[in-house]
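Colleague: First, the structure itself, so that you have it in front of you.
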Amino acid sequence: MLKTFPKRSLPAALVLATALALTGADTSAQAFRSDLPLHPGTLAGPVLVEGEVSNPEVVPLLTGLAKIESDLQLGMLFLADGLTNPSGSHFTHPRAETYPTIKDGLAKAGIADFEPQLMALEAGGDSATVTAAYTAAVAAIMGARSTLRPSVPDLVASIADQTRAVVGEINPAGPTEVQNYQDAWAMLLVARNQIDLLTQGQDAPVIQAAKKLGLAMDDVIISMPDPAASGPVTFDAAPLLDIITGLEALAGTV
């Protein structure tokens, strides 16, 4: 059952997106799904290191972890709603598309291999089994982020990359295929959740800029159609270009 949130309360709801508080408004994308499980400990963000330059090796790892997280959220959403995906369960996507590209980098950073947790999700099972596997996988993702100890520039660069990837999923010339739209929707929720991490530091200009970018992203999410569409989705990603510009400008000041 979908529950809607007032527009300005959306950021608090989005903090829960990591723990499957997926959003949608009215018939669109900002409903809090209280029927889906919340997992203690999954809301903690990475330990940010302020005052350091961006690490080019850390940024793609953060972005890859975000993509895996968004795929797992889609997998749980599909499972809860009884939806099907022509390309198979979203739980299979991380190992097929993303994890192999970051596995060596994570190992180099001292992060334990969490492929077994992803395989457990692929194996499926009853609700309790899948929920436990999801909890373990998300905990591994959060632990990996914390171990990476990203700098503020790292996180800003990764959020910008994630938002570019969202735009890349959207067809600028017409309706977007539903699978691409669903990926974009989930990826944007994860990116929005991470913007809030930027407000937890002590750099006032960064906090102010992050809050402004977060509200702008909220407005985009509010406008997005329901991801449980059965066919191509019409969505204009142009406003995200301004957000990317804002993230790039922020990256140049930290």
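Colleague: In this structure, does residue 78 turn out to be modelled with pLDDT under 95, surrounded by 22 or more Cβ atoms within 10 Å (Cβ to Cβ) and in a helix (DSSP H, G or I)?
Modeller: So residue 78 fails the test.
Colleague: Now a separate question. Quick check on the stretch 104-134: of everything there that is modelled with pLDDT under 95 and of a type in the set (Val, Ile, Thr), which residue is surrounded by the most Cβ atoms within 10 Å (Cβ to Cβ)?
Modeller: Restricting to residues being modelled with pLDDT under 95 and of a type in the set (Val, Ile, Thr), the top hit is 130.
Colleague: Does residue 172 count as part of a loop (DSSP other than H, G, I, E, B), within 16 Å of the chain's Cα centre (by Cα) and touching a residue at least 40 places away in the same chain (Cβ under 8 Å)?
Modeller: Here the answer is no, as residue 172 does not meet what is asked.
Colleague: Considering only residues that are touching a residue at least 60 places away in the same chain (Cβ under 8 Å) and open to solvent by less than 40 Å² (accessible area, probe 1.4 Å), which ones fall in the stretch 135-145?
Modeller: The answer is 137, 138, 141, 142, 144, 145.
Colleague: Report yes if residue 154 is acidic (Asp, Glu), touching a residue at least 24 places away in the same chain (Cβ under 8 Å) and open to solvent by less than 10 Å² (accessible area, probe 1.4 Å), otherwise no.
Modeller: So residue 154 fits the description; yes.
Colleague: Hey, another quick one. Given the criteria open to solvent by 40 Å² or more (accessible area, probe 1.4 Å) and touching a helix residue (DSSP H, G or I) at 6+ places or on another chain (Cβ under 7 Å), does residue 239 qualify?
Modeller: yes
Colleague: Taking the residues in the stretch 219-236 that are of a type in the set (S, T, N, Q) and either closer than 24 Å to residue 206 by Cβ or modelled with pLDDT under 95 (or both) as candidates, determine which candidate is least open to solvent (accessible area, probe 1.4 Å).
Modeller: 223
Colleague: Follow-up. Under 9 Å between Cβ atoms, at least 6 apart or on separate chains: pull out the pairs that start in the stretch 197-215 with a residue that is among the acidic types (Asp, Glu) and end on any residue that is open to solvent by less than 70 Å² (accessible area, probe 1.4 Å) and at pLDDT below 90.
Modeller: 203/254
The values are calculated or read from the model by the stated rules, or taken from the named source; none is laboratory data. Quantities reported herein were computed from a predicted structural model and do not represent experimental measurements. Note: ideal-geometry Cβ built from the backbone for every residue, glycine included; neighbour counts use all protein chains shown. Just the protein is used for accessible areas: all its heavy atoms, side chains included, with ligands, DNA and RNA removed. Shrake-Rupley method; radii C 1.70, N 1.55, O 1.52, S 1.80 Å.
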